[in-house]
1. Could you say whether any residue in segment 78-100 is within 27 Å of residue 393 (Cα to Cα), open to solvent by less than 10 Å² (accessible area, probe 1.4 Å), touching a strand residue (DSSP E or B) at 6+ places or on another chain (Cβ under 8 Å) and of a type in the set (Gly, Ala, Ser)?
2. Being buried (at least 20 other Cβ atoms within 10 Å of the Cβ), part of a loop (DSSP other than H, G, I, E, B) and modelled with pLDDT of 85 or more is the filter here; which residues of segment 287-315 pass it?
3. Does residue 412 meet the test of being modelled with pLDDT under 80, among the β-branched types (Val, Ile, Thr) and within 23 Å of residue 121 (Cβ to Cβ)?
4. Restricting the first residue to segment 322-348 and requiring it to be more than 28 Å from residue 458 (Cβ to Cβ), which pairs with a second residue that is among the basic types (Lys, Arg) and modelled with pLDDT under 85 meet a Cβ separation below 9 Å and a spacing of at least six or different chains?
5. Given the condition open to solvent by less than 40 Å² (accessible area, probe 1.4 Å), basic (Lys, Arg) and touching a residue at least 40 places away in the same chain (Cβ under 8 Å), answer yes or no: does some residue in segment 253-268 qualify?
6. Examine segment 365-373 for a residue that is surrounded by fewer than 24 Cβ atoms within 10 Å (Cβ to Cβ), in a helix (DSSP H, G or I) and within 18 Å of the chain's Cα centre (by Cα), and state whether such a residue exists.
7. Looking at residue 420, is it farther than 26 Å from residue 204 by Cα, assigned to a helix (DSSP H, G or I) and touching a Phe, Trp or Tyr at 6+ places or on another chain (Cβ under 8 Å)?
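The values are calculated or read from the model by the stated rules, or taken from the named source; none is laboratory data. What you see is a predicted model; the values in this text were computed from it and never measured. Virtual Cβ from ideal backbone geometry, glycine too; neighbours counted across all protein chains shown. When the accessible area is computed, the model is the full protein with side chains, heavy atoms only, and any ligands, DNA or RNA have been set aside. Shrake-Rupley method; radii C 1.70, N 1.55, O 1.52, S 1.80 Å.
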Amino acid sequence: MAAGKGSNGPNNVVFDLDVTDQQRGKKTLGSSCESEEDRNKPTYCVTDVPPWYLCMFLAMQHYLTSFGAMTSIPLILSEGLCLQHDSLTQSQLINTSFFAGGLITLLQVTFGVRLPILQGGTFALLTPSMAMLSMPEWRCPAWTQNASLVDTSSPIFIEVWQTRMRTLQGSIMVASLLQILIGFSGLIGFLMRFVGPLTIAPTVSLIGLSLYDSVGAKVGSHWGVSAMTTALIILFSQYLRRIPIPVPAYSRAKKLHTSKLYIFQIMPILLGIALSWFVCYLLTITDVLPSDPARYGHLARTDVKGDVLNQAPWFTLPYPGRWGAPAVSVAGAFGMMAGIVCSMAESVGDYHACARLSGAPPPPKHAISRGIGVEGLGSLMAAAFGTGNGTTSFSENVAALGITKVGSRVVILVSGVFMILMGMLGKIGAVFTTIPTPVMGGMFLVMFGVITAAGVSNLQSTDMNSSRNIFVFGFSMFSALVIPNFIMKNPDVLQTGIKEVDQVLRILLTTNMFVGGVLGFFLDNTIPGTKRERGLLTWDKRDPEDSAYAAGTEEVYDLPFGITSRLSSRSWVRYVPFCPREGSRSGDGSPGRRGSEEPLRSTAVTDELAL
């Protein structure tokens, strides 16, 4: 079920606010006398500006919603970069990720697709990154695995991890040029014609499945703490999501009164981590957890990385080239391109979901092309700043729009500013690195499990009674697990005589989502099957809700500051795919076949967590 669709009562309400804008036709959030259609309408649409206090609260909520992905990507990536025992650098990567994500969010909302959609790191690039860093020439030296042998200030150690980071940066920057080209040239519409549910399902599912080994190592550091974290997140997100917490509130009509805050629905992951973290702190100060690093359970202590808080500066300013001049790996660039293609397919779905949930008409081709192009620029910027990752649209925050019913892009702009400010506070990043390893493992257990299920959910529009579809999906998934596993265990099996070709093949064939996506794409487009059987008819249908509560015209996608009106008189504008033109509002925002089922895919991850 897509977030914000077909839900009732508190499942769709984050808090009960007394909004004093009835004269503008706005309805109070959570009104029990609303019709089903009214409940699905956004309270604030794309161009609306909520009261400043609501705007600030929702902006902070979006920031907190992105917390899980924004912190987990640098922490997982640090293993491949040989930074397991360098918490200060890990905190710098987290700060840089938030800072770059905030900048790109402002760029996307202002000049990109112009929808209220947050930008941040992508797991689609994490998989090929880990595949590249696991190659024999990039594997971490044995001494970097021993905390007692690592001197984080040593020039040798710094060169070890920065060499890998610079190569990662350069590879992502080259791959992002592909996204920029596909976006701004308008090719995204042509490519999406050939991408169906049987391509998307294995690709997205394998993002989660491919990380099971890394998650297992973290969970295994203390099964009790990991199980507690997982249980708390499940309890808050699934069982207590409808339970409101009374909080004091003030409005002109009711003065000081009590309002309901659905805190378990807003931030179950943050609450689960915080509570588990606190329990670990109590177990640490009472010495229940062993202080000997060689004993099981030591990594659950909260003082393992305690010095990082003292070492981290209060203020830091990320900048491009912080880790040196980027270097390019041809093999790495090809692997990143596979992740970029997956990220683009997800983002197109996010745009349609975001438009529907924010009361905007379906995004036209020029807006989608511009959005994908800006995401490419964002990946280029994120890599240049040294995040070790790119950028994509956050499905988590799209789902939050359906829950809060506030689709104002001003809220996302403010959230982008929050991300920039938080990225400049060095102590904030340092705090996140002190989260005990098994607590992070418990969070990953939920997060990656839901991402895997979100990929499978794409199959709901296909006929899974068809032996054709069962074969395509099953073969793609199983082959994408077998082939990379075999090559990882037998790295010398690929010997073409050309080193560069061997590296490219090794990275591509050890990237699970690339193998699964390519097999699914090839088989789905070559094996005979009807459009209904393949699930394409459902994707072709325009969701009635896309236009049922659209609050305006395609003018919401026009460029700001009067740029569109100035360009409209230019004859050459018609040849620029990403430029809007006045008088040519087609109402067909589909670059391919994006319709009612696309929002199901893009918001499935966080709908299950009820973020």
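1. no
2. Correct list: 289, 301.
3. Values: modelled with pLDDT under 80: no; among the β-branched types (Val, Ile, Thr): yes; within 23 Å of residue 121 (Cβ to Cβ): yes.
Judged against the criteria, residue 412 is not a match.
4. Here the result reads 331/506, each pair linking segment 322-348 to a residue that is among the basic types (Lys, Arg) and modelled with pLDDT under 85.
5. No.
6. No: zero hits.
7. Considered against the rule, which asks whether it is farther than 26 Å from residue 204 by Cα, assigned to a helix (DSSP H, G or I) and touching a Phe, Trp or Tyr at 6+ places or on another chain (Cβ under 8 Å), residue 420 comes out as yes.
Conditions (1) open to solvent by less than 60 Å² (accessible area, probe 1.4 Å); (2) farther than 30 Å from residue 318 by Cα, marked per residue:
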position: 425; (1), (2): no, no
position: 440; (1), (2): yes, no
position: 477; (1), (2): yes, yes
position: 482; (1), (2): no, yes
